[in-house]
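The values are calculated or read from the model by the stated rules, or taken from the named source; none is laboratory data. Computed from a prediction, not measured in an experiment: that's the story for all the values here. Cβ coordinates were reconstructed from backbone atoms using ideal geometry, including for glycine residues, and neighbour counts include every protein chain displayed. Note: areas computed on protein heavy atoms with side chains; ligands, DNA, RNA excluded. Shrake-Rupley method; radii C 1.70, N 1.55, O 1.52, S 1.80 Å.
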Amino acid sequence: MKTTVGDPPRWYRWGILLMVSITVFGSYLAYDSIGPIGPMIKKALGYDSRQLGLLYSIYSIPNIVMVFLGGFVIDKIGTRLGGFIYAFLVLLGVLITAIAPSWHPVPSFIMQAIPAEWQWSPVFIWMLLGRFVFGLGSESLIVAQSTIIARWFKGNELALAFGLNLTVSRLGTFAAFFTFGWIADHFRSIQPVLWASVVLCAVSLASYLIYIAMDKNAERRFGLSMSDGGGDKVLLSDIWKFPASFWYISTLCVLFYSSIFPFTAFSTDFFHEKWGYSQDYASKISSIIITFSMICTPIFGTLIDRYGRRASVMIVGSLMLIPTYLLMGYTSLPPWIPMSIMGIAFSLVPAAMWPSMPLIINEARLGTAYGLMTMIQNFGLALFPFVIGCVHDKTGSYVPAMLVFSSLGVAGIVFAVLLYLRERERLELGRPATPP
């Protein structure tokens, strides 16, 4: 963070962090609003697992391109305007999804273009549209958030800031898994859950407006220079100058998150099916991974800030994923045990991975770097929920999917080791990147 007069007080930086974390809280909650009520969605709307997975995949499909363009736009116009646009798209998409069950008309040319064997109802089409619009804004908003944190905390408790941010953001996921199953069971309807997501995404948009006001005030009051990140000359050709370490981290990112989020999309249905748990109790078991990550990520972030060892931490976290899925798929061990192990892994890797980016990429290119990294991540998030749903519908079981997820953990270790071998000194000691 560059200044011309003086740095803002410490409390101001943490206030900025709180506002941008709340901004993404609603997005995390809305993303996982489908999983906890998956069994009811399948029963009430007549969906199969393939369609349930497609509600997650459609979210990520636009982000294969959008988040990179979003990061590029952030580097061009700044986080204030760019982030506001993305936060508005999040609210709009969640609103369309909530209206979908009671908004049946679909233009006839759209219905005629859909193969009859797909058996897509008008409600499903509107829900897909809502999730698509939601995805257009959500991942780019996370890119904006990461860029804001990296600029405000560069050289100042960066890993802790990312850890606390993930805790507040994942509180949204926790709230979804811990309460939405109960709400749906209590009202015997999915509608209250969808509208709760709308309300909380509106709160998140309001929080981002507060961040904008605070950021502008800091620029005026403390004489910050280019605090918003806009105006720098950013070229698409810059991505070819990114070091090999960037591509190792990005590949690890897609492998790691492809083994986590597609699993949580089906975990409630999986626990309901294999162990016979109620929808409410199954969704609470699913929330274990988020509970651990909320508690442990800031702790690990503090330790990483102090001792480094980022690449080593990513290796250990990836390794822990492998036995968790094998235990859930091929043993009768109570699922809360492997879910707890997965929760620790889900704390270790993000706490080390996201704060590593400013150490290998120059500050002026962070928006583009985070955007490209998230774009690569969304290849996996677009593919695997649909694939897992198809596998379940074909085999009648989620057990084969556990082997797929475990294999992703094995592949992740390979790239974590490559990263360690190349960037051992920089990532272990926290030496920042130099401008290209």
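Details
- Filter result for TRP182 (within 20 Å of LEU81 (Cβ to Cβ) and more than 16 Å from the chain's Cα centre (by Cα)): no
- Every condition in (1) open to solvent by 10 Å² or more (accessible area, probe 1.4 Å); (2) part of a helix (DSSP H, G or I) holds for SER332 except the one numbered (2).
- Residue-level check: of (1) under 15 Å from VAL94 (Cβ atoms); (2) modelled with pLDDT under 90; (3) crowded, with 20+ Cβ neighbours inside 10 Å, SER197 misses just (2).
- Breaking point among (1) under 30 Å from GLU219 (Cα atoms); (2) open to solvent by 10 Å² or more (accessible area, probe 1.4 Å); (3) of a type outside the set (A, V, I, L, M, F, W, C), for SER121: (1)
Let's see how each residue does on (1) in contact with a Leu (Cβ under 6 Å, 6 or more places away or on another chain); (2) surrounded by fewer than 23 Cβ atoms within 10 Å (Cβ to Cβ); (3) charged (D, E, K, R); (4) at pLDDT 70 or above:
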site: ASP228; (1), (2), (3), (4): no, yes, yes, no
site: TRP240; (1), (2), (3), (4): no, yes, no, yes
site: PRO243; (1), (2), (3), (4): no, yes, no, yes
site: PHE263; (1), (2), (3), (4): no, no, no, yes
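- Test: residue in region 273-280 that is under 18 Å from ARG170 (Cβ atoms) and either in a helix (DSSP H, G or I) or at pLDDT below 90 (or both): no
- Tallying residues that are β-branched (Val, Ile, Thr) and open to solvent by 10 Å² or more (accessible area, probe 1.4 Å) within region 139-174 yields 3.
- Those helices (runs of 4 or more DSSP H) lying entirely in region 12-97 with at least 1 residues basic (Lys, Arg) and more than 22 Å from ILE260 (Cβ to Cβ): 38-45, 63-77
- Flag for GLY396 being without any contact (Cβ under 8 Å) to a residue 40 or more places away in the chain and surrounded by fewer than 24 Cβ atoms within 10 Å (Cβ to Cβ): yes
- Hey, ILE337 surrounded by fewer than 19 Cβ atoms within 10 Å (Cβ to Cβ) and modelled with pLDDT of 90 or more or not: yes
- Some residue of region 56-71 being at pLDDT 90 or above and not β-branched (Val, Ile, Thr): no
- Flag for LEU366 being at pLDDT below 85, open to solvent by less than 10 Å² (accessible area, probe 1.4 Å) and part of a helix (DSSP H, G or I): yes
- In region 335-380, the residues that are without any contact (Cβ under 8 Å) to a residue 40 or more places away in the chain and over 16 Å from the mean Cα position of the chain (by Cα): ILE337, PRO338, ILE341
- Subset of region 16-33 (residues that are buried (at least 24 other Cβ atoms within 10 Å of the Cβ) and more than 12 Å from the chain's Cα centre (by Cα)): VAL20, SER21, THR23, SER33
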